[in-house]
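To start, the structure under review is shown below, and the notes come after it.
Readers should treat all values here as calculations from the given coordinates under stated rules, not as data from a laboratory. Small disclaimer: the values here were computed from a predicted structure and weren't measured. Reconstructed Cβ throughout: ideal geometry from the backbone, glycine too, with neighbour counts over all protein chains shown.
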Amino acid sequence: MTFLAQPDVRDARFEPSTFGAGGAEPYAAALRNAENVLYLRRARSEPHAEPFPIDAGRWSADADATDLRLLAGLTGPVLDIGCGPGRMVRAAMGLGLSALGIDVSATAVRMAVDSGLSVLRRSVFDPMPLEGAWAAALLVDGNIGIGGDPTALLVRCAALLAPDGTLLVELSQDPDTDDRYEGTIEDSSGGRSAVFPWAELGLTGLRGRATEAGLVVAQDWRLDGRWFARLLRA
């Protein structure tokens, strides 16, 4: 299965605030420099609050053993939501799966397309190829936080899946985490992005929100310091 992978052109003046965009554009800069470390900071936190470090180089690197384990047993087509430069898309295609990535970052999409991957520049809430027919969808690397409303995101993902489709979600290490906030991305030189809505979710919160979306948590597991869940239609 082949997907057209041409980034669309949008007027940035009218785009909603998204992860790491705006301001000094630290996210885009980090993608171009894989050694750059980013920090996720709560926009309204106390000045002394410690930001959360992010290894930006991991997004541009090849999939590791844990990533590959996540894809094991899947059938295509696979949709990677918030794919960045396309690490998981490349891994899925390497396993012989048809796969498509989506991301709102023009830089990430350009990097992925230039490396031969099927990636589109769009939000998960935009019209999508294969609506209601994806065998699997991925929300990894914290992407359950997209849009700052996990329930709305899960509802949208449920609509994208085939009746027997699978949603794979990476979770917070704290099962009781269920937090929505405004965040900003900062780089090591102090450059910051615009403020954007974000969320963090652990297993307990996921179970309740999945029910609201017509999904059920069929399995969860920890591997290499990461926590995942497999969701199916209820």
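Over all Cα atoms in the chain, the spread is summed up by Rg and Dmax: 16.6, 50 Å.
For segment 85-228, the relative contact order is 20 percent, taking Cα pairs closer than 8 Å that sit 6 or more residues apart in sequence and dividing their mean separation by the residue count.
For the chain, a crude dipole built from +1 on the beta carbon of Lys and Arg and -1 on the beta carbon of Asp and Glu, taken about the Cα centre, is about 380 debye to the nearest 20.
Mean projection of the Cα convex hull over all viewing directions, computed for segment 23-122: 7.4 nm². Loop sites here are GluC sites (Glu not before Pro) outside DSSP states H, G, I, E and B with no more than 11 other Cβ atoms within 10 Å. The longest part of the chain free of them is 132-234.
Across segment 100-143, the mean sequence separation of Cα contacts (distance under 8 Å, 6 or more residues apart), normalised by length, yields a relative contact order of 36 percent. Between R69 and D174, the simple spin-label model (points 7 angstrom out along Cα→Cβ) gives 2.5 nm.
What separates the Cα centres of segment 77-99 and segment 177-234 is a distance of 20 Å.
Assuming R0 = 22 Å, what is the FRET efficiency of R233 and A152, from their Cβ-Cβ distance, to the nearest 0.05?
Efficiency at R0 = 22 Å is approximately 0.80.
The translational diffusion coefficient of segment 83-215, from Stokes-Einstein at 4 °C and 1.567 mPa s with a Kirkwood hydrodynamic radius over alpha carbon pairs, comes to 82 µm²/s.
Counting only DSSP beta bridges with both residues in the chain, tell me the antiparallel percent, nearest 5. Of all bridge pairs located within the chain, approximately 65 percent are antiparallel.
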